[in-house]
Each structure stands twice: as structure tokens, then as C-alpha cells.
1. Computed over the Cα atoms of the range 2-143, what is the ratio Rg over Rh, Rh following Kirkwood?
2. Just the C-alpha atoms of the range 52-122: what Rg/Rh do they give, with Rh taken as the Kirkwood radius?
3. Taking the Cα centre of the range 2-143 as the origin, how large is its charge dipole in debye, to the nearest 20, when only Lys and Arg (+1) and Asp and Glu (-1) carry charge on their Cβ atoms?
4. What number, rounded to the nearest 500 deg cm²/dmol, is the helix-based mean residue ellipticity at 222 nm of the chain, given -39500 (n - 2.57) per DSSP H run of at least four residues and division by all its residues?
5. With unit charges on the beta carbons (Lys and Arg positive, Asp and Glu negative) and the dipole taken about the Cα centre of the chain, which residue among Ala124, Leu30, Met138 sits farthest to the positive side?
6. Show Tyr82, Tyr131, Tyr27 ordered by accessible area, largest first, where the area counts protein heavy atoms only and the probe is 1.4 Å.
7. Sequence neighbours fewer than 8 away in the same chain don't count; with that in mind, list the aspartates and glutamates whose C-alpha is under 17 Å from Lys32.
8. Would you mind telling me the share, in percent, of accessible area of the chain contributed by carbon and sulfur at probe 1.4 angstrom?
Amino acid sequence: MKILVLNGPNLARLDIRDSAIYGDVSYSELVKMITQHAASLGFDADIRQSDDESELIGWLHAATDASTPVIFNPAAFTHYSYAIRDAADMLRAPLIEVHLSNPLAREEFRHTSVISGVATGTIAGFGPNSYLLALTAMVSLLKK
Ligand code: DQA
């Protein structure tokens, strides 16, 4: 089965973002880690990144239509995109929200997630492991 792993704005530039917050794993290394962990769990991860809100919404619509489970780091859209929240709310399969950092331990504007309320659960603060933990959680949800 396929799990869609979506990444929002600026995540493809992890190598030049603040390593004190995001660590020193590049986006291409992160993609490799997710691909390998998904394969070890017997799943295929379809990993995508976009800086464009409408492209992310289009991918969520397609995931709804195909009942595809989604792991999603909406990045800055987490904090204010009601359009992404509404698209995520239509998903039929589980949605796990992930963050590399712990937004609750950062600036106040990051303390609000408009996505969490429509997600099955959220994993944040474990760096790239947030994605790997989310894959493990997703697989156990799907096996139920
Ligand atoms: C992030 C946290 C967001 O606040 C931020 O805008 C990001 C990355 C994270 O993975 O920690 O771009 O989603």
C-alpha cells in the first residue's frame, strides 16, 4: 500500500535552514530515510514537497479521492492555512501531522496549528524521526 508524505514550504531547503532548530539532515537525506523506513515496514512512500498552497491542496484532493493515508508536514501553512485544513478535513484515510521541531517550544505564532484538529494525531520535535515515528504509527493504524 502507498502512504503519501507531503511537505510544505521551505522544507526542500533544510540544508540551509537553521540547523540548531532543524538539525543537519538535508531534504534529500530525509527522503532517503523515509523511503527506507517505509520499505522496511512493507509500504511504499510517495514523498512530495511544494512551496505552493494550491499544489498541496490538489494532492490532498487526490488523496481523498483515492483514500490514500497521508503524513503531512504543512510547515508554515500549519499555522494559518484554513484552505489546507478544509482539504485535510475531507481525507478518508488517516492523516498524521508531523514537524521536525516542536512548534510549541518556539515563537508564539507557531503555537497554533489549524491542521491538528482534523488530523488523527501529531508527532513533533523529534527531527527526521518524527516522520519515521509517524510511519510506524500509520502502519499500525492501517493494520487495525
Ligand atoms: C515546521 C515548523 C513550522 O513552524 C515551520 O514553519 C516549518 C517547519 C517543522 O517541521 O518543524 O517550516 O513545520
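1. Result for the range 2-143 is an Rg/Rh of 0.93.
2. In the range 52-122, Rg relative to Rh is 0.96.
3. For this selection, approximately 380 debye.
4. Roughly -11500 deg cm²/dmol at 222 nm, from the helical runs in the chain.
5. In the chain, that residue is Met138.
6. Tyr82, Tyr27, Tyr131
7. Partners within reach: Asp15, Asp24, Asp44, Asp46.
8. 52 percent
The values are calculated or read from the model by the stated rules, or taken from the named source; none is laboratory data. Model, not experiment: these values are computed from the prediction. Positions of Cβ are generated from backbone atoms using ideal geometry, with glycine treated the same way; all protein chains shown enter the neighbour counts. Side chains are part of the model used for accessible areas, which takes the heavy atoms of the whole protein and leaves out ligands, DNA and RNA. Shrake-Rupley method; radii C 1.70, N 1.55, O 1.52, S 1.80 Å.
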